[in-house]
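The values are calculated or read from the model by the stated rules, or taken from the named source; none is laboratory data. Quantities reported herein were computed from a predicted structural model and do not represent experimental measurements. Here the Cβ is made from the backbone with ideal geometry for all residues, glycine too, and neighbour counts use every protein chain on show. Please note that ligands, DNA and RNA were not included when accessible areas were found on the heavy atoms of the full protein model with its side chains. Shrake-Rupley method; radii C 1.70, N 1.55, O 1.52, S 1.80 Å.
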Amino acid sequence: MLWAPSGRSNLVTGHRRNAATGTALCGTLLSAPNPDVTVECAPCRGVWKAECERRATALARMRARARWWHQRRELETFQGRAADLNAGDVYTVSGCLDRHHVLTVTDPARGYRWLTVLAYVPADDEIVELGLHHDRLLAIERPHLPEVGMPALP
């Protein structure tokens, strides 16, 4: 989904939105989605392609980690807030039985209370970008120490 810049000065060029900051990937302030856009901003397109390639290379490793996860012997399981998430954790949200394998967590920008989490969801077999309120309660599983044979995070 491409977005229109703030002020709607150029409705022909669309921008990709950064979920963590609410601005375009190129830094432009955005106002609303623009489904009628005909051209994508070149800087946004470059950043988006790099991110898609990163996700594609990370997907194979995250699949391996997800398949291996149930073999873990030393896991710390606790109820925590989204702000407690670390890369390498697995969490579930109430109402959703899917495990989310955390690839990265981006701290919220100043004044925002939303984290951006890049997570692998095995049920959908894809890496997704999720916005979580930092106070959202989660069931978190965290490994004590890296175990031999556990695939590394990308």
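Taking segment 103-145 as the region of interest, the strands (runs of 3 or more DSSP E) fully inside it that hold 2 or more residues being in contact with a Phe, Trp or Tyr (Cβ under 6 Å, 6 or more places away or on another chain) are 126-133, 137-143. Residue 123 satisfies every condition listed in (1) closer than 30 Å to residue 3 by Cα; (2) open to solvent by less than 50 Å² (accessible area, probe 1.4 Å); (3) in contact with an Asp or Glu (Cβ under 6 Å, 6 or more places away or on another chain); (4) not polar (S, T, N, Q) except (2). Restricted to segment 52-102, and to residues there that are of a type in the set (Gly, Ala, Ser) and part of a loop (DSSP other than H, G, I, E, B), the residue that is farthest from residue 140 (Cα to Cα) is 95.
Table: residues versus (1) open to solvent by 70 Å² or more (accessible area, probe 1.4 Å); (2) modelled with pLDDT of 85 or more.
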residue	(1), (2)
65	no, no
79	yes, yes
107	yes, no
119	no, yes
127	no, no
